[in-house]
Structure formats: C-alpha cells, structure tokens
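The values are calculated or read from the model by the stated rules, or taken from the named source; none is laboratory data. Since the model is a prediction, treat every value here as computed from it, not as a measurement. Cβ coordinates were reconstructed from backbone atoms using ideal geometry, including for glycine residues, and neighbour counts include every protein chain displayed.
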Amino acid sequence: MAEKETYESLPAGRSLEELIEAERTNLMQVQGMARVLYDVLLYSDDDDGTMHADLTKVIARLIAESVDALEKIVRRFKAGELSPPPNKSSDDSDSGSST
C-alpha cells in the first residue's frame, strides 16, 4: 500500500526562496566539512584512511549536486515555471477510501 504524499505548510514570514537558500547554506557548510575531512583522512597514518577519504569525497560531490539542484529550483521558481503543490483536499479520489 503506497503512502499518500503530504505537503507541510511553509513557516510563516519566510518565502520559498528563503527556505531553499537556508537549506543550500546548510548543505554548503556540510560540504566544506566533508572536504576538510577528506584532506585529513587522505594524509592520515590509518591504513584505511585513503578509502575513507574517497568516501568523503563522494559525499562532498553528492552534496554539491544537491546544492546545484536547489539553485536550479530557485531559478525556475523565480521564472514562474513552478507552481505550488496541488490541493489534495478538493480531490480525494486518490485516497482509496469510499464513503
């Protein structure tokens, strides 16, 4: 049985652009920490350090891709290409319940 997708309302006083920018900022900080960890592990004396460094490099790359995707979403939103989520309350035919 598939779960019904729900949308949370945006916090009052903050636009979608501000919320996305806040998430981008958080992701960029985590990416920076992953890069530092990569350097530390790459030059560590641990036998598995290089393997762990490679893993952190992949993590940093995935975060960078997420940041880029969020940037594209903001650009599309500003250009009016994205609309708000559909109002599911007006059409309950997907809910599978019968009244």
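Name the residue that is modelled with the highest pLDDT, counting only residues in the range 54-99 that are among the charged types (D, E, K, R) and in a loop (DSSP other than H, G, I, E, B).
The extreme case among them is Glu81.
How about the range 15-53: which of its residues are charged (D, E, K, R), more than 30 Å from Arg76 (Cβ to Cβ) and assigned to a helix (DSSP H, G or I)?
Asp39
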